[in-house]
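*Asks:* Below is the structure I would like to discuss, written out as structure tokens.
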Amino acid sequence: MEHSRQRIKIAVQKTGRLTDHSIDLLERCGLKITKSKDQLICYGENMPIDLLLVRDDDIPGLVNDDVCDLGIVGLNVVEEKRLQLEQRGSNARFKQIFELDFGHCRLSIAAPSDTEYQGPDSLKNTNIATSYIGLLRDYLNKNGIQAEPVFFSGAVEIAPKLGRADFICDLVSSGATLAANGLTEVAVLLESEAIVIQTLVPLSAEKQALVDKIIQRLDGVLKVRDSKYIMLHAPRAALAEIRSLLPGSEAPTVMPLEGSDDKVAIHAVCRENVFWETLENLKAAGASSLLVLPVEKMLA
Ligand code: PRT
Ligand code: ZN
């Protein structure tokens, strides 16, 4: 194994909502890892890339401090860390490079269902329980509201019942947890999803080349996520109409069909999902032998 300084380190959540998606994404980039979730480090078998399996809250810090080159983590955690660093007078040394379209949730303020909420002013002089002190303070400051954040590290939703807070500020996805605790969402502070962050600390040329390679692969995997490869036969006369019906496709390949002067074969990459309705419309426009295939990888 190469010297560990020459290997790329990617911070990934050890166990939680982001773990499987994150590892799946890296495997799609061609990384083979020895999966042992009990370990802190998973070594890449076929590339000089290792995964650090840690708590999600530690990921922005590890990238900020140049322990890891890349990290996969929720935007909520990244923004909270950025605000904490700003509060201490330092700038974050990481940047966001991709949105990953998983781990969707929102950071919201919620109130006991019998609370009369009439906009942010209703938060004045109240106590708000949260583990996102930075993001909550930022929201209160921007709205010019004096309120008291109360730190809760978990089970934030029970704070009003315990008499510890008037409101809560926590992550919501389906809303079932709020409903089960008699709470109603009143304001959304941040829409979040998993993102990839990269260190801003300059890397050696060798390491930078590897980071660029993994970024290019990530880009390729993410770009084809909803893409489909479509093949069909069509009368030459219907070409213009058929092209206009192909969703999100660039110049398709048009090929003559052996033994047929008036028909062509069309192949195209559609950058959106191809629904049954689209196929039915294509057929109505004269297309036949329609075939839709998933796209696994793409390198522009
Ligand atoms: O151990 P570690 O610190 O790594 O894990 P964790 O418990 O802090 O994180 P985890 O695995 O719960 O979440 C990781 C990331 O997933 C979060 O930082 C978010 O970016 C994202 N995510 C997406 C969520 C949710 N959806 C979510 N629903 N994180 C937490 N929740 C919780 C929320 O806190 C509340 O308790 O789920 C409950 C609400 O869910 P609903 O569906 O009832 O609204
Ligand atoms: Zn966490």
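*Asks:* I want the antiparallel fraction of DSSP beta bridges within the chain, as a percent rounded to 5.
*Replies:* Taking every DSSP beta bridge with both residues in the chain, the antiparallel ones total about 75 percent.
*Asks:* While we're here: State log₁₀ I(q)/I(0) for the chain at q = 0.11 Å⁻¹ as given by the Debye formula over alpha-carbon point scatterers of equal weight, solvent excluded.
*Replies:* For the chain, the Cα-only Debye profile gives -0.83.
*Asks:* When the Kirkwood hydrodynamic radius is evaluated over all pairs of different C-alpha atoms of segment 228-294, what value in angstrom, to one decimal, is obtained?
*Replies:* 11.7
*Asks:* Helix-only mean residue ellipticity at 222 nm, the chain, DSSP H runs n ≥ 4 weighted -39,500 (n - 2.57), per residue, nearest 500. What is it?
*Replies:* -7500 deg cm²/dmol
*Asks:* Taking Cα pairs under 8 Å and at least six residues apart, what relative contact order does segment 105-192 come out at, in percent?
*Replies:* Relative contact order here is 50 percent.
*Asks:* Each label point is 7 Å from the Cα along the Cα-to-Cβ direction; what then is the distance between the points at ARG225 and LEU200, in nm?
*Replies:* 2.5
*Asks:* A follow-up question, please. Tell me the per residue accessible area of segment 228-294 using a 1.4 Å probe; a whole number in Å² is fine.
*Replies:* I get 61 Å² per residue for this part.
*Asks:* Carbon and sulfur: what percent of segment 105-192's accessible surface (1.4 Å probe)?
*Replies:* With neighbouring chains kept in place, the figure for segment 105-192 is 46 percent.
*Asks:* Next question. Can you order the peptides 166-174, 245-253 by their average number of other Cβ atoms within 10 Å per residue, highest first?
*Replies:* Per-residue mean Cβ counts within 10 Å order the peptides as 166-174, 245-253.
*Asks:* Which pairs, out of LYS223/LYS283; LYS81/LYS213; LYS95/LYS297; LYS32/LYS297; LYS213/LYS297, put more than 20 Å between their alpha-carbon atoms?
*Replies:* Over 20 Å Cα-Cα: LYS223/LYS283; LYS81/LYS213; LYS95/LYS297.
*Asks:* What is segment 4-78 by shape, rounded, prolate or oblate, if you read a ≥ b ≥ c off the alpha carbon gyration tensor as root eigenvalues and call it rounded for a/c under 1.5, prolate for a/b larger than b/c, and oblate otherwise?
*Replies:* oblate
*Asks:* Report the relative contact order of segment 228-294, percent, no decimals, based on alpha-carbon pairs under 8 angstrom and at least 6 residues apart.
*Replies:* 51 percent.
*Asks:* Shifting gears a bit: Any idea how far the Cα center of segment 41-75 sits from the one of segment 141-189, in Å?
*Replies:* 30
*Asks:* From the square roots a ≥ b ≥ c of the eigenvalues of the alpha-carbon gyration tensor of segment 205-260, which class results: rounded (a/c under 1.5), prolate (a/b over b/c), or oblate?
*Replies:* Note, shape of segment 205-260 comes out prolate.
*Asks:* Below 8 Å between Cα atoms, with a sequence gap of 6+, how large is the relative contact order for segment 230-269 in percent?
*Replies:* It comes to 55 percent, rounded to a whole number.
*Asks:* Under the classification rounded if a/c is under 1.5, otherwise prolate if a/b is larger than b/c and oblate if not, where does segment 105-192 fall, given a ≥ b ≥ c as square roots of the Cα gyration tensor eigenvalues?
*Replies:* rounded
*Asks:* What FRET efficiency would be calculated for the residue pair VAL188, SER90, taking the C-beta separation as r and a Förster radius of 30 Å, to the nearest 0.05?
*Replies:* For R0 = 30 Å, the calculated efficiency reads 0.60.
The values are calculated or read from the model by the stated rules, or taken from the named source; none is laboratory data. All of these numbers come straight from a predicted model, not from anything done at the bench. Every residue, glycine as well, gets a Cβ built from its backbone with ideal geometry; the counts of neighbours run over all protein chains shown. The accessibility values were calculated without ligands, DNA or RNA, using every heavy atom of the protein model including side chains. Shrake-Rupley method; radii C 1.70, N 1.55, O 1.52, S 1.80 Å.
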